[in-house]
Amino acid sequence: MKLSNFNFNLPAELLAEFPAENRDEARLMVVNRKTQTIEHKLFKDILDYFDEGDVMVLNNTKVFPARLYGNKEKTGARIEVFLLRELNAEQRLWDVLVDPARKIRIGNKLYFGDDDSLVAEVIDNTTSRGRTLRFLYDGSYEEFRSKLLELGETPIPKYINREVTPEDAERYQTIYAKEEGAVAAPTAGLHFSKHLMKRLEIKGVNFAEVTLHVGLGTFNPVEVEDLSKHKMDSEEMTIDQEACDVVNQAKANKKRVCAIGTTTMRAMESSVSSSRTLNPYTGWTNKFIYPPYDFSVADCMVTNFHTPKSTLLMMISAFCGHDLMRKAYDEAIKENYKFYSYGDAMLIL
């Protein structure tokens, strides 16, 4: 499999700018690997495909408002700063992306807020757009973090060509988000409503939670034709013993284990035993899943519709089978399914 196998033309009008009015009323394409068939449903119909004892594995990461706008000292130029990860809490060092990057050099200072209540100094260059910032702030660490929350904006993806609305803060977050640390939402989970979760629970479906803090690396397009040469950015993850017990019990009982989203799938595949059970793990993963790949844990998954040439699409191809994935995507385009973060969903059985 090469990069060119994962290219397709996506009409611009299929990019979802806004979410479905009700979370669970997005469209759902059901792709059956065994029968090679495709059905068209609503997301809330997912209930019909699961039985008592089946497990859905959720990524409970929480998006923080990672996009800040500041002004450069002296020139006052407006600079976008995208917080990627905290490097050192005590020294308030952060890995960030800046835009426009050509204007930002080591030693520059950036001022945030109407009253310049937060200042950052550029102390290193990491990539063409990447910088290391040291934030200068007089208060305690808790006050500093609440200042970041106050000044930050919900990091809806760049391709959504509109201003952020107050509703985005709630809608660009799963209803089960708990562990703060993601700079992008695990989007497959955005379709679950409280009502749907309750109905699944009543039916006897169990839930297990893992944490993978989604970074921008998940969305970086692959630029090398030979997929084995692509390097994934590392993302922080945790799988605790409780989640392992729920998943491994379901597998032992021959019940269905469904990964809700590619990030959940990647977390699970990053920590499996030789007997194909899930192990506890706390650390980082840079696992890149592309065809051919033998999945160890989940036997079905929920995912959104992804960009051409993305690592996410490559995982779907590995899970679905490449020809069936292409057939599903051709059908999605023909039937006007919405793509990306606020788009529609796919259940692969």
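What the table below lists for this structure:
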| quantity | calculated |
| --- | --- |
| Exposure of Y159 as accessible area (Å², to 10), given a probe of 1.4 Å and all protein chains | 70 |
| The stretch 71-163, Rg to Rh (Cα coordinates; Rh as Kirkwood inverse mean 1/r) | 0.94 |
| FRET efficiency for Q91 and S193, using Cβ-Cβ distance with R0 set to 45 Å, rounded to 0.05 | 0.60 |
| Rounded to the nearest 10 Å², the accessible area of I202 at probe 1.4 Å | 130 |
| Probe 1.4 Å - accessible area at E170, Å² to nearest ten | 110 |
| Against the rule of thumb 2.2 N^0.38 Å, how large the Cα Rg of the stretch 178-292 comes out | 1.15 |
| Solvent-accessible heavy-atom area per residue, rounded to whole Å², over the stretch 14-95 at 1.4 Å | 47 |
| Efficiency of FRET from Cβ geometry, E180 and A12, R₀ 25 Å, rounded to 0.05 | 0.15 |
| Rounded Å value of the spacing that divides the Cα centres of the stretch 145-218 and the stretch 15-78 | 8 |
| Reduced Cα scattering model of the stretch 4-89, Debye log10 I(q)/I(0), q = 0.23, 0.26 Å⁻¹ | -1.26, -1.30 |
| Along principal axes, Cα extents of the chain, largest first, whole Å | 65, 42, 40 |
| Partner aspartates and glutamates for K255 [C-alpha distance under 20 Å; skip if fewer than 8 residues away on the same chain] | D45, D48, D51, E52, D54, E201, E209, E242, D245, E269, D294, D299 |
| Estimated inter-spin distance, E142 and D116, nm [label 7 Å along Cα→Cβ] | 3.0 |
| Accessible carbon and sulfur surface of the chain relative to its total accessible area, %, 1.4 Å | 45 |
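The values are calculated or read from the model by the stated rules, or taken from the named source; none is laboratory data. Just so it is clear, the structure is predicted and the values come from calculations on it, not from any experiment. Here Cβ is always computed from backbone atoms with ideal geometry, including for glycine, and neighbour counts include all displayed protein chains. Quick note on the areas: whole protein, heavy atoms, side chains included, nothing else; ligands and nucleic acids left out. Shrake-Rupley method; radii C 1.70, N 1.55, O 1.52, S 1.80 Å.
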